[in-house]
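The structure appears right after this line, and notes come after that.
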Amino acid sequence: MQPVKILSLQRLSRGAAKKIEAVDARVQLTDAGGWFDGEIRETWPEFNTRRYMTADAQGHGSREERNRLLSDAEVVLGSWPYPLDLRQRAPALKWFHQLPAGASNLRMGDLWNSDVMVTTSRGVGSTLAIAEHALAGIMHFAKSFHQANFDRVAGEFDVAAYRPLLLDGKTACIVGAGGIGQDVGLLCAALGMRVLGIRRRQHGSAPLPEGFIRMGTAADLDGFLAQSDFVIVCAQWTPETTKLINKQRFAAMKDGATLVNIARGEIIDEDALLDALKADRLRGVALDVYVGEFEHLPPDTLWSDPRVLITPHTSGAADDNRHGGIDLFCENLRAYIDGRALQNVVDWQRGY
């Protein structure tokens with residue numbers, strides 16, 4: 001029996017390692033979590049490494065030892081950040097699984113558009129935690145909590161400035177009705193909201209996801225925006241979705257709408273967003289992401305606006321970790337060994 005040599009660049013719990021090793025007797029797992037921290041620190045933007053790595057993370061072993069680990073690997077399990085020259089240094093690599101859900105994280109490295117099969121944890125990540133974060137952004141502006149910050153600074157209440165909304169009966173548009181978007185839709189529907197969804201393409205006669213009353217494509221987006229009190233961006237970032245929410249889309253939005261983005265900053269045209277804020281078209285904007293978030297802080301023009309709430313890409317964090325990436329990896333590993341098709345294989349042309 002030929003061994004299946006798996007290299008994990010992600011630190012694994014003993015439970016996760018046992019799950020992977022239990023898939024098949026041929027599995028040879030090497031946990032190299034933390035080994036590449038030093039070279040990642042040298043090759044990634046400093047802002048990114050300060051944000052995602054501890055100050056004392058310097059890596060392990062020599063460059064030659066790390067190269068040997070990569071050269072033997074048939075399968076690599078990775079996360080964020082990762083070695084940017086992974087494909088070049090792993091000649092035997094056939095399959096890379098990324099624990100995060102977004103394929104756009106890979107655009108910086110040489111795996112993108114390569115001959116290596118790449119899968120992601122799309123649809124099985126911390127979808128409920130992210131959906132709750134989106135709902136918190138909706139609530140923040142629906143109940144005028146942003147006004148409370150003004151009042152605290154002023155030292156008095158401006159009661160007339162509070163304009164709380166009743167969510168029951170309002171309309172939410174989920175732009176990107178995949179795993180995360182469907183969880184957002186369920187939570188919105190549970191509060192009595194009408195939920196509209198946008199997908200890349202229609203799924204034939206398949207039933208609507210639970211909680212949704214209608215599903216459309218990009219061709220329906222302007223019409224859906226005109227009806228929606230809340231717009232929640234959950235889509236993958238691809239060439240197709242870059243600046244999807246642009247000047248035209250802000251013009252199509254219902255006056256006083258709230259915009260929430262839990263996907264990628266590049267999906268929103270930030271210049272057009274600033275124009276919409278200047279024109280007082282929006283009630284509020286809740287962003288867990290922004291353009292260039294892995295390289296610098298948010299632009300002050302957005303961050304200083306009290307109608308804009310920005311969090312540092314923390315929507316997937318929670319005290320109860322329900323990320324299903326390892327389970328999906330194990331399912332795919334079984335399929336890989338058996339010669340069957342894998343789930344969530346990235347289509348380079350499509351972008352996810």
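Quickly estimate the mean residue ellipticity at 222 nm for the chain, helices only: each DSSP H run with n ≥ 4 gives -39500 (n - 2.57), and the total goes over all residues, rounded to 500. After summing the helix terms and dividing by residue count, I get -9000 deg cm²/dmol. Taking a Cβ cut-off of under 9 Å around residue 240, the surrounding Lys, Arg, Asp and Glu residues balance to a net charge of +2, with basic ones at +1 and acidic ones at -1. Projecting label points 7 angstrom from Cα along Cα→Cβ for residue 60 and residue 345 puts them 3.3 nm apart. When Rg and Dmax of the Cα atoms in Å is computed from the coordinates, the matching label among [x] 23.3, 72; [y] 23.6, 84; [z] 21.9, 75 is [z]. Counting only GluC sites (Glu not before Pro) that DSSP places in a loop and that have at most 14 other Cβ atoms within 10 Å, the longest clean stretch of the chain runs over 1-155. With R₀ fixed at 56 Å, the C-beta to C-beta distance from residue 145 to residue 30 puts the FRET efficiency at about 0.70.
Here the Gaussian network model covers the chain, with springs between Cα atoms less than 10 Å apart; of 334, 264, 201, 201 fluctuates the most. Looking at the chain, the accessible area is 47 square angstrom per residue; that uses a 1.4 Å probe and ignores ligands, DNA and RNA. Placing unit charges on the Cβ atoms of the charged side chains and taking the dipole of the chain about its Cα centre, the candidate lying farthest along the positive direction among 52, 302, 330 is 330.
Could you tell me the distance between the Cα centroids of the range 83-108 and the range 257-334, to the nearest Å? The range 83-108 and the range 257-334 have Cα centres spaced 24 Å from each other. Result for the chain in a Gaussian network model with C-alpha springs under 10 Å: among 302, 208, 277, the largest mean-square fluctuation is at 208. For the chain, take the longest principal axis of its alpha carbons; what is the angle in degrees between that and the long axis of helix 145-154, to the nearest 10 within 0 to 90? Its long axis makes an angle of about 70 degrees.
Modelled this way, with points 7 Å down the Cα-to-C-beta line, the labels at residue 320 and residue 94 are 3.9 nm from one another. Computed with every protein chain present, the accessible area of residue 237 is close to 60 Å² [probe 1.4 Å]. A simple count of charges around residue 125, restricted to other residues whose Cβ falls under 15 Å of its Cβ and scoring Lys, Arg +1 and Asp, Glu -1, yields -3.
Under a model in which nothing but the beta-carbon of Lys, Arg (+1) and Asp, Glu (-1) is charged, the chain shows a dipole of about 760 debye around its Cα centre.
Using a 1.4 angstrom probe on heavy atoms only, work out the carbon and sulfur share of the accessible area of the range 185-337 in %. Of the solvent-accessible surface of the range 185-337, carbon and sulfur hold 52 percent. Near residue 66: Cβ cut-off under 13 Å, other residues only, Lys/Arg at +1 and Asp/Glu at -1. The net charge is -4.
The charge dipole of the range 1-149, taken about its Cα centre with unit charges on the Cβ atoms of Lys, Arg (+1), Asp and Glu (-1) only, comes to about 340 debye.
The range 1-42 and the range 124-140 have Cα centres spaced 30 Å apart.
If R0 is 22 Å, the Cβ-Cβ spacing of residue 47 and residue 85 corresponds to a FRET efficiency of close to 0.60. Helix 325-338 and the longest principal axis of the Cα set of the chain meet at an angle near 40°.
Using only side-chain charges placed at the Cβ, +1 for Lys and Arg and -1 for Asp and Glu, the dipole size of the range 1-60 relative to its Cα centre rounds to 280 debye. The angle between the Cα long axis of helix 127-142 and the main principal axis of the chain comes to about 20°, on a 0 to 90 degree scale. Taking only the Cα atoms of the range 88-244, the radius of gyration and Dmax are 19.5, 66 Å.
The values are calculated or read from the model by the stated rules, or taken from the named source; none is laboratory data. A quick note: this is a predicted structure, and the numbers were derived from the prediction, not measured. In this analysis, Cβ positions are derived from the backbone assuming ideal geometry, glycine residues included, and neighbour counts consider all displayed protein chains. We work out accessible area using only protein heavy atoms, side chains counted, and drop any ligands, DNA or RNA first. Shrake-Rupley method; radii C 1.70, N 1.55, O 1.52, S 1.80 Å.
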